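Report on one structure; see the data block that follows.
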Amino acid sequence: MAYIWSYLKKYPKWLILDVLGALLFVVVNLGLPTALARMIDQGITPADKQALYFWAGIMSIIVLLGIIGRITLAYASGRLITTMIRDMRNDMYDKLQEYSHHEYEKIGVPSLVTRMTSDAFVLMQFAEMSLRLGIVTPLMMISSVVMVLLTSASLAWAVVAAIPFLILVVYYVAVKTRPLSEKQQNTLDKVNQYVRENLTGLRVIRAFARETFQEERFALKNNSYMTISSQLFKLTGLTEALFVQIIIIMIVAIIYFSLEPLRQSVIKIGDLFAFIEYSFHALFSFLMFANIFTMYPRMAVSSQRIQEVMSMPLSISPNENGITKTQSKGYLEFDNVTFAYPGETESPVLHDISFKANPGETIAFIGSTGSGKSSLVNLIPRFYDVTLGRILVDGVDVREYNLKALRQKIGFIPQRALLFTGTIGENIKYGKEDATLAELHSAADVAQAKEFIESREEKFDTHLAEGGSNLSGGQKQRLSIARAVVKKPDIYIFDDSFSALDYKTDAQLRARLKEVTGDATVLIVAQRVGTIMDADQIIVLDEGEIVGRGTHDELLKSNEIYCEIANSQLNNQHLTER
């Protein structure tokens, strides 16, 4: 509740209106039975038309106030709830932008989606109920009990006797609800995970004809979610059913035990009607308050999950006060860098890596799968931080930079080309927001993407599906390269970014890149020797260690691993060409 309040208190105007609406609501709901009692006793029973019309007028005024109160309460609570959930999701989204790969791996993307959507929705439901009923119900309970005692203290025991049973029901439901809520949300995480895997891996699933397996796996987890949800809803439904029965028993008891006082004229018929209404409001308000209370465990679970996202310590500090500008551009140095993934410090993937790169140079990395090539280049933009040693960009340790300023210096083309929903032009502009049409054409031309863009009817306004699924792998890679080229960074990092290109396109693209990256440092991670043959320096990695460095010709003479890779690939290429 404290977490929800931290957002609600930002809008005191709407909170005040909400309280005023609640007060009007209470006055109306207690005022109507009182006016009705007076109408019966003073107007209907003695057949006094003047009194009847007078109390009818009073009731009309009360109803009008009730309408105003309801509208005020609904409007104020609606504004508060929608504003709160907007701010909450914005804050979560902003926090996620600060996460490093480690935080995403720790919580899991499906779970983060659930927390952003389902958990936030649970908090919204609880806040809505609290704002509409959380103020009204306590006031109604207290006021109704006071009116019950004032109207007939001798019958008040029927109301008091019902309360312990109500408290027992609420306590039982609350205790049982929390563990079920935790299971429900964790199971929903898995459901989202399976949906996400199915959608992203649809082609693989169909290629291996595993649709039935996926359906059965999803159905099993979905049934678990249904079972847990069913248990939860039965519990919450039990509250209302038992409360209604208790209220009915109480009303029957009141009527039965009021027969003698009515006969003796100790209590009037109008007062009895009012007493029943007050009693009903007292217990019904307790029921509404109990609904809030029984929902509290679910809210507490969701709140805890969201706060876990918000309070997650960042492994990569954004360093807002760090260095933003340097005099030199394009200098890179690895100084005895050792790196192990978080939680795996005993198994480093990189050992004592040292090398230098100057502006205008092309440094390439090659090695077997798992040798640490991608891990190495991921350290430069601080997707992870080094375990030992340091990385210098323009003579400054990357950890001393303002994180955004550091990444502005880098054009990163990832191993897996990722495009966003939108147009081709918007995706290329992701590298430079204010890029002109001429710059888009130039970048696309360098990336060898201009031909297929121009072949489309809408050209740069062509809409891309999610992840660029309506493009081929090579087309997506070329757009990713164009996105980095338009940025004109000091350091280009190509993480196996040519793998989906044919040899001809690969060669043409690299030739054009040389024209635009003349003053920049270029780092290339590649599996194909043909892609890196012209690099100024090739670094051979094996099990996280540098086992060779030099030009293509030098390594062919001096490095056995490189020689084996080159011979196998170049021979295969030769046979393919034949």
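Among the listed residues Gln477, Gln508, which satisfies the condition of being in a helix (DSSP H, G or I), modelled with pLDDT of 80 or more and touching a Leu at 6+ places or on another chain (Cβ under 8 Å)? Exactly one residue qualifies, and that residue is Gln477.
For Met288, the stated conditions hold: it is crowded, with 16+ Cβ neighbours inside 10 Å, in contact with a Leu (Cβ under 6 Å, 6 or more places away or on another chain), more than 28 Å from Glu105 (Cα to Cα) and of a type in the set (A, V, I, L, M, F, W, C).
A single entry from Lys450, Lys373, Lys404 fulfils the requirement of being at pLDDT below 85 and either of a type outside the set (Gly, Ala, Ser) or touching a strand residue (DSSP E or B) at 6+ places or on another chain (Cβ under 8 Å) (or both): Lys450.
In the set Ala511, Ala444, only one residue is within 25 Å of Gly330 (Cα to Cα), without any contact (Cβ under 8 Å) to a residue 60 or more places away in the chain and buried (at least 23 other Cβ atoms within 10 Å of the Cβ); that residue is Ala444.
Against the conditions (1) outside any loop (DSSP other than H, G, I, E, B); (2) more than 39 Å from the chain's Cα centre (by Cα); (3) modelled with pLDDT under 75, Phe293 satisfies every one except (2). In region 450-468, the residues that are among the β-branched types (Val, Ile, Thr) form Cβ pairs under 7 Å with partners that are outside any helix (DSSP H, G or I), at six or more places apart or across chains, as follows: Thr462/Thr423; Thr462/Arg456.
For region 321-382, the strands (runs of 3 or more DSSP E) that sit wholly inside it and include 3 or more residues that are under 20 Å from Arg407 (Cβ atoms) are 332-339. Restricting attention to region 86-142 and to residues that are among the aromatic types (Phe, Trp, Tyr) and part of a helix (DSSP H, G or I), the residue that is farthest from the chain's Cα centre (by Cα) turns out to be Phe126. Only one of these conditions is not met by Ile565: (1) modelled with pLDDT under 85; (2) part of a loop (DSSP other than H, G, I, E, B); (3) buried (at least 16 other Cβ atoms within 10 Å of the Cβ). Which number is it? Answer for Ile565: the failing condition is (2).
Among the residues of region 432-449, is there at least one that is under 30 Å from Arg390 (Cα atoms) and either part of a loop (DSSP other than H, G, I, E, B) or of a type in the set (A, V, I, L, M, F, W, C) (or both)? For region 432-449, residues under 30 Å from Arg390 (Cα atoms) and either part of a loop (DSSP other than H, G, I, E, B) or of a type in the set (A, V, I, L, M, F, W, C) (or both): present.
The set of residues in region 415-424 being surrounded by fewer than 18 Cβ atoms within 10 Å (Cβ to Cβ) and either at pLDDT 85 or above or under 11 Å from His463 (Cα atoms) (or both) consists of Phe420, Thr421, Gly422, Thr423.
The values are calculated or read from the model by the stated rules, or taken from the named source; none is laboratory data. Keep in mind that what you see is a predicted model, and the values were worked out from it rather than measured. In this analysis, Cβ positions are derived from the backbone assuming ideal geometry, glycine residues included, and neighbour counts consider all displayed protein chains.
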